[in-house]
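Okay, structure first, notes after.
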Amino acid sequence: MGHIDRHSESNPEQHLSAHKEALQKEATWLEKRMDALEKENRWHLISLDKLSEVSAIHGDSTKQKDPINILKSILGSIADATELDSLGLMIADRETGEFELQVCEPPEQYAVLVSEIDASIRQAEFAWALNYHLPHIFTSTQPEYKTVLSVFATPSQIYGMLVASLPASKRLTEAMKKLISVILFNGAHAYENTVLYQKVEQQRQTLFKKVEQSNKELAYHTTHDLHTGLLNTKAFLQHVRNTLAIDSNQQGIIAYIDIEGFNRINGAYSFQTGHKLLKLIADRLRDLFDGDALKNTIDYHPELTATARITGDEFAFFIAGEFNRSDAITLMKSCLSTLTKPYSAAIASEKLDIDFSLGSCLITDNTINVRTLLHRAEMAMYQAKHDGRNNTALYSANTRDVRGHNSLLFEKELKTAYLSNQFCLFYQAKVSLETDQITGAEALLRWAHPTRGILPPGEFIDAIETSGMVKEVGAWVFREACKQVREWQQTHQPIVPIAINLSPSQIEPSLPARFLDILRKEQVSARHFELELTESSMTRDAENAVDVLNQLHEIGFVIAVDDFGTGYSSLLLLKQFPIDKLKIDRSFIRDILTNSDDKAIVEAILAMSQSLKLSVVAEGIEEIAQYNFLKTLKCHEAQGYYISKPRPEPEFQALLSSWNGVTKNIG
């Protein structure tokens, strides 16, 4: 102690200098400490501010239109709170799972960060970092930097990876790491919300467009014919009505067109051919009014013209302008010339020559009801038909409705045909889809008209119904089929069951006895026959029909429901009536390859029939793809033009004798 005092007393200046130096060091330390505390406090304040920003981003995520905005906000928050020089967010593609750098700050560092990412992937650092929620620091390809990787994810989904460059002289504290993790975690939720919202919005927009398109299609279908694209009757009449209302002096021509023998075309070829023909006729009518040929002949307003399909084989058109009778005749001749040119072989095996009847009505008083005008044109068309095929007629006050007169003449012809054996039967084969062999035939009535040739039932069956000849003709059909089976038996020809169509008018108590009497006289068994009835035939007088069909079933007839699925009582029929077979209506078969609803209906019918142990026939097969598809569905039998057209008995017997499978006997 005395030594110290002596030393101090002997060196007072040195002691003072040392004390001063110590105080200065302590002051410097305190200053640095204050700076550090202030910096740390400032960082904590910034951190709180950034967390508030991230919370706001999360809260507003559903309002963001673009997820990229969320990613940029996340990078901005991390950049403000840390000393990272450059940052980027890698986002995983939802379909492929591959990562791609979506955003980068500053943008000019994009290539540098991509290089860092490639290096991290090669060294497995990228994959390693995906498994940890806190940022990790790795060696950089740049000596003056370190690479920071941190997963961008929610607990259920990894969305990407933060990639950043940290100067080698700087450090990333644990607090900073936690802050980055919190920002990324909250940001990932915000990004997820925005992505989901964007996806929902896209789906909403897609649905909206589909609904809008469906509404447009619905609006189109309510005014247009689906097969031809022409106006339907209602829209056509409204167009004429609107056009005439524009100007009280507006005049024009309304015309009515009928295709002669259209049902015969369907019978000779197929319904598909008929539909193609209708479309070609519609195209010719459109071209007639859109082209220049007619404009050079008469003066009219093309923009006010309208063309329509009125019924199955009838069309109409309206043309506005000031016309006289000579103009109307010129127009109708031009139209007839256009329509009667041969139709392309593309719709049939050879070019078709089609006949037409055209009637027209001059509109000189546009106060007359539009339906009345159309009716007058129709009356003129029937006058043209009465005068002979490929004719035109112009309505006048003297034009009479010849339809009633023609109807009486037609019924008289039918009675003559019945009495003079002009009726005959054609046979259309039915084939087993399991074996490809012919298993039956449907007997189809034809009229061998002395001047018009072979007529299909579509051209005369309604007249038979209205004339009261149904019972006589129905009995004749069954008797002829019995005679045919007996002839096959006597000549030792192959025999297959024959299906006979029954009309509603035939379903009466006396029918079983009448058919049993015919069977006995012709010496054939009921097991050779199937009786086909439509749903409407069976439900018209259900109580009576059940009794009649039960008696026929007991005699030995197979009972089949024709056009099954088109009525409202299909399931009720299966419960009440003695049914053995169902014939699926052709409307479900036509689009079965492209229409999921038709396919589902056919599958349901087949599944139900299997449970009820009923046989099923698919009718209307017109192509091999339909045939093969029904095979896969395990349908029992098929019938249609692809397999065989209706044939006279000699041709059918020849087909039966030489048959060796569907693909080798088309048509």
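The values are calculated or read from the model by the stated rules, or taken from the named source; none is laboratory data. Bear in mind the structure is a predicted one, so any value in this text is a computation, not a measurement. We place every Cβ from the backbone using ideal geometry, glycine too, and count neighbours over all the protein chains shown. The area values use the complete protein model at the heavy-atom level, side chains included, leaving out ligands, DNA and RNA. Shrake-Rupley method; radii C 1.70, N 1.55, O 1.52, S 1.80 Å.
Points to keep in mind about this one:
- Using θ = phi - 60° and Karplus 6.51 cos²θ - 1.76 cosθ + 1.60, couplings along region 383-396 (whole Hz; Gly, Pro as x): 5, 4, 5, 5, 6, x, 5, 6, 10, 10, 8, 10, 5, 9
- Sites listed here are trypsin sites (Lys or Arg not before Pro) in region 238-307 whose DSSP assignment is loop and whose Cβ has at most 15 other Cβ atoms within 10 Å: 295.
- With a cut-off of 14 Å between beta carbons, the residues surrounding residue 248 carry a summed charge of -2, where Lys and Arg count +1 and Asp and Glu -1.
- For residue 103, nonlocal amide neighbours, meaning residues 5 or more places apart or on other chains whose placed amide H falls under 5 Å from its own, are 89.
- Where (1) -0.43, -0.58; (2) -0.57, -0.68; (3) -0.63, -0.73 are the candidate values, the label of the one calculated here for log10 I(q)/I(0) by the Debye sum over Cα atoms at q = 0.06, 0.07 Å⁻¹ is (3).
- Scanning residues 5 or more positions from residue 579 or on other chains, none has an amide H under 5 Å from its amide H, with H placed 1.01 Å from N in the peptide plane.
- Partner lysines whose Cα lies under 25 Å from the Cα of residue 575, excluding those fewer than 8 positions away in the same chain, are identified as 583, 599, 613, 634.
- Structure-based [θ]222 nm, the chain - -39500 (n - 2.57) summed over DSSP H runs of at least 4, per residue, nearest 500: -16500 deg cm²/dmol
- When the GluC sites (Glu not before Pro) in region 87-144 are filtered for DSSP coil states and for at most 14 other beta-carbon atoms within 10 Å of their beta-carbon, the remaining sites are 95, 98, 144.
- The string of couplings for region 215-228 from the Karplus curve (6.51, -1.76, 1.60, θ = phi - 60°) is 5, 5, 5, 5, 4, 5, 5, 6, 10, 10, 7, 5, 6, 10 Hz, one whole number per residue in order, with x for Gly and Pro.
- Global geometry of region 221-336, whether rounded, prolate or oblate, following the gyration tensor of its Cα atoms and the 1.5 cut on a/c: prolate
- Listed peptides 489-495, 429-435, 186-192 by packing density, highest first (mean Cβ within 10 Å): 186-192, 429-435, 489-495
- Short-range pairs are left out: with C-alpha atoms under 8 Å and at least six residues apart, the relative contact order of region 130-278 is 13 percent.
- Taking a Cβ cut-off of under 12 Å around residue 94, the surrounding Lys, Arg, Asp and Glu residues balance to a net charge of -4, with basic ones at +1 and acidic ones at -1.
- Annotation: aspartates and glutamates with alpha-carbon distance below 15 angstrom to residue 146 (same-chain offsets under eight excluded): 83, 85, 116, 118, 125.
- In the chain, the DSSP beta bridges split such that about 70 percent are antiparallel, to the nearest 5.
- Taking amide H positions as modeled 1.01 Å from N, with prolines and chain starts lacking one, the residues under 5 Å from residue 323 and 5 or more places away or on another chain are 252.
- Of the GluC sites (Glu not before Pro) found in region 599-643, none is in coil by DSSP with at most 13 other Cβ atoms within 10 Å of its Cβ.
- Overall, the anisotropy analysis places region 560-656 in the oblate class: the square-rooted eigenvalues a ≥ b ≥ c of its C-alpha gyration tensor yield a/c not less than 1.5, with a/b not exceeding b/c.
- Of the residues 200, 240, ranked by 1.4 Å probe accessible area with the largest first, the sequence reads 200, 240.
- Centre separation in Å (Cα based) which lies between region 93-164 and region 210-249: 61
- Sum of side-chain charges, residue 547 neighbourhood, beta-carbon under 13 Å (Lys, Arg +1; Asp, Glu -1): -4
- Backbone phi angles across region 164-179, fed through the Karplus curve with coefficients 6.51, -1.76 and 1.60 (θ = phi - 60°), yield HN-Hα couplings of 9, 10, 10, x, 4, 7, 9, 10, 10, 5, 4, 5, 5, 4, 5, 4 Hz in residue order; Gly and Pro are listed as x.
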